[in-house]
């Protein structure tokens, strides 16, 4: 069987993650990407039970994004670990969270944190 990959790209959440009081109070926009490598339960996938339901993955991400967390490093790790736990056919998970704005004067751009977890 061939390995397949599911992408959830540019998921947008408004949340209150961060170490600083302003981040906890004002909130920020976060953009999340998830990539899951998996081995389907069939050579030709024609039923949801043979693959990973990306709606369930989205709901997992959404639930973690609603819980204010000081460090994005903690958040990406928890999301990746939960996806591996919930989906036994998942072999590898990549999660990236980008913080849209930083409270740094004259800062142009964005920051992001990512993690890749494997079953091996």
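Miscellaneous remarks
- Within the range 5-29, tally of residues that are surrounded by 12 or more Cβ atoms within 10 Å (Cβ to Cβ) and outside any strand (DSSP E or B): 7
- Top-ranked residue of the range 35-52 - restricted to ones that are out of contact with any helix residue (DSSP H, G or I) (no Cβ under 9 Å at 6 or more places or on another chain) and assigned to a strand (DSSP E or B), ranked as nearest to residue 75 (Cα to Cα): 35
- Looking across the range 35-52 at every residue that is surrounded by 13 or more Cβ atoms within 10 Å (Cβ to Cβ) and touching a strand residue (DSSP E or B) at 6+ places or on another chain (Cβ under 7 Å), the one that is farthest from residue 93 (Cα to Cα) is identified as 40.
- All conditions but one from (1) out of contact with any strand residue (DSSP E or B) (no Cβ under 6 Å at 6 or more places or on another chain); (2) within 17 Å of residue 110 (Cα to Cα); (3) surrounded by 13 or more Cβ atoms within 10 Å (Cβ to Cβ) apply to residue 78; the one that does not is (2).
- Annotation note: of 61, 93, 55, 32, the sole residue that is surrounded by fewer than 15 Cβ atoms within 10 Å (Cβ to Cβ) and either part of a helix (DSSP H, G or I) or at pLDDT 95 or above (or both) is 55.
- Within the range 100-120, being more than 13 Å from the chain's Cα centre (by Cα), surrounded by 13 or more Cβ atoms within 10 Å (Cβ to Cβ) and part of a strand (DSSP E or B) holds for one residue alone: 111.
- Residues satisfying the stated conditions in the range 64-90, i.e. in contact with a helix residue (DSSP H, G or I) (Cβ under 7 Å, 6 or more places away or on another chain) and part of a helix (DSSP H, G or I): 64, 75, 78, 79, 82, 83, 86
The values are calculated or read from the model by the stated rules, or taken from the named source; none is laboratory data. The model shown is predicted, which means the values in this text are computed figures rather than measured ones. Every residue, glycine as well, gets a Cβ built from its backbone with ideal geometry; the counts of neighbours run over all protein chains shown.
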